[in-house]
1. Would you kindly state how much longer the chain becomes between Val29 and Ser218 on full extension, computed as 0.36 nm times their sequence separation minus their alpha carbon distance, in nm to one decimal?
2. Test of the criteria: in the range 68-127, which GluC sites (Glu not before Pro) are in a DSSP loop and have at most 12 other Cβ atoms within 10 angstrom of their Cβ?
3. Taking the Cα centre as origin and putting +1 on Lys and Arg beta-carbons and -1 on Asp and Glu beta-carbons, what dipole magnitude results for the chain, to the nearest 20 debye?
4. Classify the chain: rounded, prolate or oblate, from the alpha-carbon gyration tensor (a ≥ b ≥ c, eigenvalue square roots; a/c under 1.5 rounded; otherwise prolate if a/b is larger than b/c)?
5. Take the alpha carbon atoms of the range 1-38, find their center, do the same for the range 100-117, and report the distance between the two centers in whole angstrom.
6. Which of the listed residues, Gln162, Val48, Gly202, is farthest toward the dipole's positive end in the chain, when Lys, Arg count +1 and Asp, Glu count -1 at the beta-carbon?
7. What number comes out for accessible area per residue over the range 86-198 if the probe is 1.4 Å? Units Å², please.
8. Using R₀ = 35 Å, calculate the FRET efficiency as 1/(1 + (r/R₀)^6) where r is the Cβ-Cβ separation of His187 and Met1; round to 0.05.
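The values are calculated or read from the model by the stated rules, or taken from the named source; none is laboratory data. Predicted model, so just to flag it, every value in this text is computed and none were measured. Please note: Cβ atoms are built from the backbone with ideal geometry, for glycine as well, and neighbour counts cover all protein chains shown. Please note that ligands, DNA and RNA were not included when accessible areas were found on the heavy atoms of the full protein model with its side chains. Shrake-Rupley method; radii C 1.70, N 1.55, O 1.52, S 1.80 Å.
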Amino acid sequence: MAIIDKLKHLNNEIPKGVKLIAVSKTHSVEKVKEAYDAGQRMFGENRVQELVSKHEQLPKDIEWHLIGHLQTNKVKYITPFVHLIHSVDSIKLLEEINKQGKNHNRQISVLLQIYIAQEESKFGFNEMELDDLLNSNQFKSLTHINFCGLMGMASFTDNKEQVRSEFKTLKSLFNRIKSKHFQEDQHFIEVSMGMSGDFQIGIEEGSTMVRIGSYIFS
Ligand SMILES: *Cc1c(COP(=O)(O)O)cnc(C)c1O
């Protein structure tokens, strides 16, 4: 199937309130252009260098999402233009993003990555770390960060019930955090969960953003 047909299929499948982030990592500028010409405007990359290079080469009305682990020393390259960073996983990183936001006189939108999978992973806050962060004084000093919600990746498994239960965990954590810390906040509304293999489950469990790569581009 051509990229345009896959996007059509996805857009039929995904409810209107759920945003489709086309994950173009490792795929050529030409392929991204093909998806762009089919009407897609939100793209996700997991590496800073590739994100910057594609941003330079492609139309300026694309919303660029960073979905992969971000090193503090690379934050400055994306702060001028990035639309949303999905993968914020430490206080140190938040402080650097805040600092670069100040430098560029820009509020930087982020999601906090939560560790929900069973397998060993280095990235993401657990529930206790998240609570500590949101109750800390540091959190209040992050004036140039726009907190938009949470992101998570389910375990890499064929067990759909396990994936479902991990997504449920993320959604209920979001609901708890929302009512405790962001009740009046118009921005804290996103739960980014679901990829090519599990986006239907993500949507059923309350995802507001799905990040789909291989289904579209491979
Ligand atoms: C690669 C990637 C995706 C997309 O995965 P596919 O299985 O190709 O759809 C989504 N989220 C993150 C964080 C990724 O690294």
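1. Full-extension gain reported as 66.6 nm.
2. Listed in order of number, the matching sites are Glu119, Glu120.
3. Using Cβ point charges on Lys, Arg, Asp and Glu, the chain gives about 560 debye.
4. Note, shape of the chain comes out oblate.
5. 25
6. Val48
7. For the range 86-198, the per-residue accessible area is 52 Å².
8. 0.45
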